[in-house]
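Down below is the structure, laid out as structure tokens.
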Amino acid sequence: MSADSTPEPGIPDPAQTGPSRRGKGRRRKPQGRSRKALLVTAWTAAGVVVLGGVGAGYVYFKLNGNLTSVDIDQALGNDRPTKIDNGSENILVLGSDTRAGKNRKLGGGTDDGSARSDTAMIVHVYEGHKKADVVSIPRDTLVDRPQCTDTKGTAHPAASGVMFNEAYSTGGAACAVKTVESISGIRMDHYLEVDFEGFQKLVDDLGGVQVSTTRAIADPQSHLHLKAGTHTLDGQQALGLVRTRHGVGDGSDLGRIQLQQAFVKALMDQVKHVGVFSNPKKLYDLGDTATKSVTTDSDLGSVDSLIDFANGLKGISSSHMKMVTMPVRYDPADPNRVLLEKSKAQLVWNALKNDKPIPRSATEGTATGEAKGVVNAQ
């Protein structure tokens, strides 16, 4: 989100209003009712929370009361990568596909009491907070999941050769963070999560998001039908776009990631240009939706903490954000799965650890979803 579009917050002093509450393969077997993905970025989720600064103490407490947070640090303890003290930050952003409540209608499928992290991104904010890299982790990557303890104190044994997104369904946010840290060797400084309903409503509250498509997209499974051209997507269409995998590209999750990466840039640009800062009702609606939609780590579990966090990110625009997919190759034993390209992935992790740009060689020759350039921000 650009600094040019984000004013200084106007949240009242908590001392005056009372204490705050922390509150190249092709898919051969279409997965008809498989879990679907959604996407949110740290800048949108945290930056929109800045919109909570509209004045009254009521608003402050109302937005604080919306927030849900989880204590990742307590669950994971000290058995984690060393925190890198070089001015950079690493944030794990997850999209949860829970079918509970209203999400059942939006996401399709059956409410079986579980959820998966069908979208996962490591957001690396460089020292100075003027640019960022985003590394998408394919949900279908087969990984060795480490032993972990969830936020309720339940221990879960390690498992080999399981899908990445099963870490979340097994032990929630803590196990997802633990798995990402095990794969990358990088400590996650923060955690953000959003669900179907919140994603759709956020887009609607923004008045839609404008994108252009270079070819038609038709996917009955995600209920998305778009002609080639320029579109202002409402929340339902946006959710369909970030879920679609059979409508474009090679039908893989990798192609869906490429569409998601294009959409998130369009979403950031929309937040910048929508002009919500002159409309108090829109400010409140967006702040209310954002705080209801996200789950954060406990360090970000209050409006004032999120404001501080967002203020540190507001100098980043979509043009200063590079998005890549974690280097993988298709599994020769199962075209519906991918395997980590460890040597190339290590180039990515080394770059992030040293706060350096990800080299082009890290992603050259790796599997892609063949959907790049189909969707673009306007």
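With respect to Arg256, determine if the residue is buried (at least 24 other Cβ atoms within 10 Å of the Cβ), farther than 30 Å from Lys83 by Cβ and under 15 Å from the mean Cα position of the chain (by Cα).
Yes, satisfied.
Yes or no: region 156-166 includes at least one residue that is assigned to a helix (DSSP H, G or I), touching a strand residue (DSSP E or B) at 6+ places or on another chain (Cβ under 9 Å), surrounded by 18 or more Cβ atoms within 10 Å (Cβ to Cβ) and not polar (S, T, N, Q).
Yes; the residues of region 156-166 include at least one that is assigned to a helix (DSSP H, G or I), touching a strand residue (DSSP E or B) at 6+ places or on another chain (Cβ under 9 Å), surrounded by 18 or more Cβ atoms within 10 Å (Cβ to Cβ) and not polar (S, T, N, Q).
Tell me whether region 264-277 contains one or more residues that are closer than 27 Å to Asp73 by Cα, out of contact with any strand residue (DSSP E or B) (no Cβ under 8 Å at 6 or more places or on another chain) and of a type in the set (A, V, I, L, M, F, W, C).
Within region 264-277, not a single residue is closer than 27 Å to Asp73 by Cα, out of contact with any strand residue (DSSP E or B) (no Cβ under 8 Å at 6 or more places or on another chain) and of a type in the set (A, V, I, L, M, F, W, C).
Filter region 73-90 down to the residues that are of a type outside the set (Gly, Ala, Ser) and farther than 12 Å from Ala174 by Cα and list them by number. Write out each step before concluding.
Step one: of region 73-90, the residues of a type outside the set (Gly, Ala, Ser) are 73-74, 76, 78-86, 89-90.
Asn78, Asp79, Pro81, Thr82, Lys83, Ile84, Asp85, Asn86, Glu89, Asn90, listed by residue number.
For region 186-207, what are the residues that are more than 17 Å from Leu267 (Cβ to Cβ) and of a type in the set (A, V, I, L, M)?
Of everything in region 186-207, those that are more than 17 Å from Leu267 (Cβ to Cβ) and of a type in the set (A, V, I, L, M) turn out to be Ile186, Met188.
Assuming Lys282 fulfils every condition listed in (1) in contact with a His (Cβ under 8 Å, 6 or more places away or on another chain); (2) part of a helix (DSSP H, G or I) apart from one, which condition is it?
For Lys282, the failing item is (1).
If Pro138 passes every condition in (1) under 14 Å from the mean Cα position of the chain (by Cα); (2) open to solvent by 20 Å² or more (accessible area, probe 1.4 Å); (3) not basic (Lys, Arg) but one, which one does it miss?
Answer for Pro138: the failing condition is (2).
Would you confirm, using the coordinates I've provided, whether Ser305 is touching a strand residue (DSSP E or B) at 6+ places or on another chain (Cβ under 7 Å) and closer than 30 Å to Thr151 by Cα? Give the steps one after another, and end with the answer.
Values: touching a strand residue (DSSP E or B) at 6+ places or on another chain (Cβ under 7 Å): no; closer than 30 Å to Thr151 by Cα: yes.
In short, no.
Looking only at region 219-245, count every residue that is open to solvent by less than 60 Å² (accessible area, probe 1.4 Å), at pLDDT below 95 and over 18 Å from Met268 (Cβ atoms) and tell me the total.
Qualifying residue count for the region: 8.
Given the options Asp308, Asp331, Asp304, Asp299, name the one that is charged (D, E, K, R) and open to solvent by less than 30 Å² (accessible area, probe 1.4 Å).
Working: Asp308 fails: open to solvent by less than 30 Å² (accessible area, probe 1.4 Å); Asp304 fails: open to solvent by less than 30 Å² (accessible area, probe 1.4 Å); Asp299 fails: open to solvent by less than 30 Å² (accessible area, probe 1.4 Å).
Testing whether each residue is charged (D, E, K, R) and open to solvent by less than 30 Å² (accessible area, probe 1.4 Å) leaves just Asp331.
Output the number of residues of region 199-212 satisfying the condition of being open to solvent by 10 Å² or more (accessible area, probe 1.4 Å) and within 20 Å of Ser136 (Cβ to Cβ).
Qualifying residue count, region 199-212: 1.
Looking only at residues that are in a helix (DSSP H, G or I) and of a type in the set (D, E, K, R) in region 180-198, which one is surrounded by the fewest Cβ atoms within 10 Å (Cβ to Cβ)? Reasoning before the result, please.
Step one: list which residues in region 180-198 are in a helix (DSSP H, G or I), which gives 180-184, 196-198.
With the extra rule that they be of a type in the set (D, E, K, R), the set shrinks to 181, 197.
On the way: Glu181: 20, Glu197: 23.
The selected residue is Glu181.
When only residues in region 76-95 that are closer than 29 Å to Val264 by Cα and outside any loop (DSSP other than H, G, I, E, B) count, which is modelled with the lowest pLDDT? Can you show your working first?
Filtering region 76-95 down to residues closer than 29 Å to Val264 by Cα leaves 81, 83-95.
Add one more test, that the residue is outside any loop (DSSP other than H, G, I, E, B), and what stays is 89-95.
Numbers: Glu89: 94, Asn90: 96, Ile91: 95, Leu92: 95, Val93: 93, Leu94: 92, Gly95: 88.
Filtering region 76-95 for residues that are closer than 29 Å to Val264 by Cα and outside any loop (DSSP other than H, G, I, E, B), the one modelled with the lowest pLDDT comes out as Gly95.
Considering region 203-254 alone, what residues qualify as being assigned to a strand (DSSP E or B) and under 18 Å from Asp118 (Cβ atoms)?
Asp219, Leu224
Look at Gly113 and say whether it is modelled with pLDDT under 90, more than 20 Å from the chain's Cα centre (by Cα) and either more than 20 Å from Lys292 (Cβ to Cβ) or in a loop (DSSP other than H, G, I, E, B) (or both).
In short, yes.
Please find, among Lys356, Lys372, the residue that is at pLDDT below 95 and part of a loop (DSSP other than H, G, I, E, B).
Step by step, each of Lys356, Lys372 is checked, and only Lys372 is at pLDDT below 95 and part of a loop (DSSP other than H, G, I, E, B).
The values are calculated or read from the model by the stated rules, or taken from the named source; none is laboratory data. Remember, it's a predicted structure, so these values are computed and weren't measured experimentally. Cβ atoms come from the backbone with ideal geometry, glycine included; neighbour counts cover every protein chain shown. Heavy atoms of the whole protein, side chains included, go into the accessibility calculation; ligands, DNA and RNA do not. Shrake-Rupley method; radii C 1.70, N 1.55, O 1.52, S 1.80 Å.
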